[in-house]
Every structure is written in C-alpha cells, then in structure tokens.
Amino acid sequence: MIKTIEYIDGVVRMIDQTRLPAEKEFVDCRTIEEVGNAIKTMIIRGAPAIGVAAAMGVSLGADSIEATNFEDFYRELEGKCDRLGQSRPTAVNLAWAINRMKQVTQDNKSLPINELKSRLKEEALTVLTEDITTNQTMGEHGQTLVKDNSVILTHCNAGALATAGFGTALGVVRAAVNAGKNIRVMANETRPFLQGARLTTWELKEDNIPVKLITDNMCGFFMNKQEIDLVVVGADRIAANGDVANKIGTYMVAVLAKENNIPFYVAAPVSTLDLSLASGKEIPIEERSSDEVTHINKKQISPEGIEAAHPAFDITPNHLVTAIITENGIARAPFTDSLKALANQK
Ligand code: MRU
C-alpha cells in the first residue's frame, strides 16, 4: 500500500505530491512549521491527509516546547496551532485535527510535560490508523451502490494519496474491486493542479485498477454517450444542509451528471462535516496563485501579463448530490437530518 505519510522518531515523512508521478521523492518534516509549509505548498494535500499531517505537526510542535508547567506549555502550543491552522482554509479536517490534539492536551493536563508529549504522539498515530479504517468502512458502505461492470468518473484525487491510505472516493472503487466487481475508472485531469492526471492515474495504475484519463471538458461528452455509470468524488468540507466543497470543477461535473441522470456520490469521513455552517455559502474558498493557471509544469502557457483566476474549490449544492457516503453510513436528502444523525453516531 502507498504510504502517504508516516511518523517515525520525531520525523514526519511524506511522499512529495508536487513531484509525482515523474519522481517518487519523500520530504521529511522535523518541526510544526515545516509541516505547515508542506500543507501550504501541497507536498501533502487532500482533506483527510491534511488532517493527519496537522495532528503529527502539533505533536512535533509540542516536542519543541521547553516550558515546564502546563499553562506556559499550552499557551505556546496554542500559538503554534493557530499558525498551522492558517496553512489552507477550505479543508475542515485541518481545524478538526488541531482541535482534537488541543482537546487531548487539555484532557491530560495533569500529566508531567514529557508524558503529555508522548500522549500527543500516540494521538497523532491514532489519527493516522483511524483514517485508514474509516476509509475501509466507508468503502464497504459505498461499494453497495456500485453495480458490477460499472464505469466510475472521479474528479481530483480522493485516493490513498489524499488520505492516510485507501482513499475516500477511490476507497469506494477499491472496495468494489475487492468485492469482485469489474470496475473501470475515468479520471478527470483536474486543471490546474492536475491531481487527476498526475495522482489518481498513478495510484490506480500501482493497484492495477483500469483507469482512463480524460480532460475535464470531456466528461460531458462521455456522460451523454452513457459511458459513465456513476460519479464518486471526495469533499473538503460539507455544510449542515449537504452542500459540498470540493476541488474546482466538481460543481460542473455534478450539473452534467444531473442533466444525464447519472448518480453523483460524495465519499467523505464524518471529520469532513462542518455542521456549524448552515450552507455552502459560508465555506471559505481558497484562492491560489494565478501562476498555477498561467503555467503548466513551470512552463508559461499564456501571454506575459495575462490576468488569471484560481479559486481552488467550488460548492456543489445539495440538490445535485444523490448521496453522501461516510464511515457511519449513507446520507440522503434531506441532508440536514441525515447528516446530523450520522455525525452523532458513535
Ligand atoms: O487542493 P487539494 O488537492 O488538496 O484538493 C483535494 C480535493 O479536493 C479532494 O477531492 C478532497 O480533499 C477529498 S480527498 C479524500
């Protein structure tokens, strides 16, 4: 299995997703600041993987604190957590993981500082292992929606690389394959960062799962020809009403799926739900550098000085979503009720 991220002997090691598939290189982070930078520069990306990296980053941050009493220790840790929390705005898993680590710190305030640091390391490793089992359970639920001989369209990379392992949308694909179903994947290339072309095709090829790469503007053509049976994507944040923030272009895919009567599924762990937000309108959308649009692989493709926009995510309104697959089960409309019920399930 691909190891997206590991935490060994005070080092957080990540596969460098900016260099795949051409080079399989690893980046070692030894401080919380280095982890924050890896998230910002997308060495590691994908909502659940960002959450796992953040938990490990908080542990590294805790290890570097020299304070000997809890109050000073916690004050310093909070400052580090606040800065880490600003590395990317849309994926709620970042804040989720940081809050979980802060809560564990508070819950163990009576421990000597050294033992508290060990407890935080243990928690970060638990976040990693839980993410993998969460994805496997989600996959099991999701694969019940997939018929044998299906062609599944996906957008961006919601696979092992976007998580601690197995994946969310690609976890559904993997679970269907493991159940003996004959599955083929169509991967949107996902301009401008090319997560589909570079990462989804790479990890499916590693697992011998058939995949065909298409450019984003081709998916309507194949839907209209009835060559796509269902769409499964991941999510960066899901509001209480079921509006879904995911990689830019997801909304376009959902509209095309509706037009062509193709089911549109979102696979995401409960940690991606943000029930404090009533609708997708409140989800912050990251604006990334326009250089990522005017350039491909550092080569400029538009004339010098051209203005370009780069919202990195969009919102798919809940009426375009057939169902949301979580580790606690499958939610359908009305999402305000079904998501709340799944979120509260232990
Ligand atoms: O900008 P990215 O690559 O971090 O965006 C990732 C996505 O939009 C994924 O679809 C989402 O995080 C779900 S990953 C399981």
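The values are calculated or read from the model by the stated rules, or taken from the named source; none is laboratory data. Quick caveat, the model's predicted, so the values are computed rather than measured. Because the Cβ atoms are built from the backbone with ideal geometry, glycine has one as well, and the counts that use them run over all protein chains shown. Areas reflect the complete protein model, heavy atoms only, side chains present, ligands, DNA and RNA absent. Shrake-Rupley method; radii C 1.70, N 1.55, O 1.52, S 1.80 Å.
With the structure loaded, tell me whether Asn260 is touching an Asp or Glu at 6+ places or on another chain (Cβ under 6 Å), touching a residue at least 12 places away in the same chain (Cβ under 8 Å) and not charged (D, E, K, R) or whether it fails that test.
No, not satisfied.
In the stretch 130-171, of all residues being surrounded by fewer than 19 Cβ atoms within 10 Å (Cβ to Cβ) and part of a loop (DSSP other than H, G, I, E, B), the one that is nearest to the ligand (Cβ to nearest atom) corresponds to Leu145. Picking from residues in the stretch 281-296 that are among the hydrophobic types (A, V, I, L, M, F, W, C) and within 29 Å of His319 (Cβ to Cβ), the one that is surrounded by the fewest Cβ atoms within 10 Å (Cβ to Cβ) is Ile285. As an exercise: evaluate Arg174 against (1) more than 22 Å from Val52 (Cα to Cα); (2) surrounded by 23 or more Cβ atoms within 10 Å (Cβ to Cβ); (3) basic (Lys, Arg) and give the number of the one condition it does not meet. It fails just one condition, (1). The requirement of being modelled with pLDDT of 95 or more, among the β-branched types (Val, Ile, Thr) and away from the ligand (no atom under 16 Å from the Cβ) is not satisfied by Ile283. Exactly one residue among Ala309, Ala278, Ala333, Ala245 is of a type outside the set (S, T, N, Q) and buried (at least 19 other Cβ atoms within 10 Å of the Cβ), and that residue is Ala245. Within the stretch 205-234, residues that are of a type in the set (Gly, Ala, Ser) sit with their Cβ atoms under 7 Å from residues that are away from the ligand (no atom under 16 Å from the Cβ), at 6+ positions apart or across chains, in these pairs: Gly220/Leu256. Residue-level check: of (1) near the ligand (Cβ under 10 Å from one of its atoms); (2) closer than 13 Å to Asp229 by Cβ; (3) not aliphatic (A, V, I, L, M), Lys181 misses just (1).
Listed by position, the helices (runs of 4 or more DSSP H) enclosed by the stretch 200-265 that each have at least 1 residues that are more than 15 Å from the ligand (Cβ to nearest atom) and of a type in the set (Lys, Arg) are 201-206, 250-259. Pick out, from the stretch 16-129, the helices (runs of 4 or more DSSP H) lying fully within it that include 2 or more residues that are within 16 Å of the ligand (Cβ to nearest atom) and open to solvent by 10 Å² or more (accessible area, probe 1.4 Å). Counting at least 2 such residues, we get 32-40, 93-107. All conditions but one from (1) crowded, with 16+ Cβ neighbours inside 10 Å; (2) of a type outside the set (Lys, Arg); (3) in contact with a strand residue (DSSP E or B) (Cβ under 7 Å, 6 or more places away or on another chain) apply to Glu327; the one that does not is (3).
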